[in-house]
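These notes are about the structure you will find just below.
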Amino acid sequence: MHLQTGERLPAFDKNGVDVMAVGNLPNELPRDASRYFGQQLIKFVFNDIINGGSDLLDRATILKNGQLTPHFSYLHDYAYH
């Protein structure tokens, strides 16, 4: 999908975003599971985001400024070049 227009693009086009995912989860999450997940994000991640980052967020970040981060460099062969 084109970042500005939302137009559908061919895979690996430099103007789009490609997502590799496995769809083996149900279409809907139970409300309590969704609420619990949100509470855990707030408990463990929210302050790191507000405070401008942390080692935890750095390790969880796959792309930064359009480049794979060192922790995810093993994905290089699967990424558009």
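The values are calculated or read from the model by the stated rules, or taken from the named source; none is laboratory data. As the structure is a computational prediction, the values presented were derived from the model and not from experiment. Neighbour counts are summed over all protein chains in view; Cβ atoms, including those assigned to glycine, are modelled from backbone coordinates with ideal geometry.
Of the residues examined, Gln39 is one that is at pLDDT 90 or above, polar (S, T, N, Q) and over 14 Å from the mean Cα position of the chain (by Cα). Residues that are in a loop (DSSP other than H, G, I, E, B), closer than 26 Å to Asp13 by Cβ and either out of contact with any strand residue (DSSP E or B) (no Cβ under 9 Å at 6 or more places or on another chain) or in contact (Cβ under 8 Å) with a residue 40 or more places away in the chain (or both) within region 47-81 comprise Thr61, Asn65, Gly66, Tyr80, His81, listed in sequence order. If only residues of region 47-73 that are surrounded by fewer than 12 Cβ atoms within 10 Å (Cβ to Cβ) and more than 16 Å from the chain's Cα centre (by Cα) are counted, the one that is modelled with the lowest pLDDT is Gly52. Output the residue which, of all residues in region 1-16 that are surrounded by 10 or more Cβ atoms within 10 Å (Cβ to Cβ) and under 16 Å from Tyr80 (Cα atoms), is modelled with the lowest pLDDT. If we take residues in region 1-16 being surrounded by 10 or more Cβ atoms within 10 Å (Cβ to Cβ) and under 16 Å from Tyr80 (Cα atoms), then Met1 is modelled with the lowest pLDDT.
Residue count for region 52-67, restricted to those that are of a type in the set (Gly, Ala, Ser) and closer than 26 Å to Asp18 by Cβ: 3.
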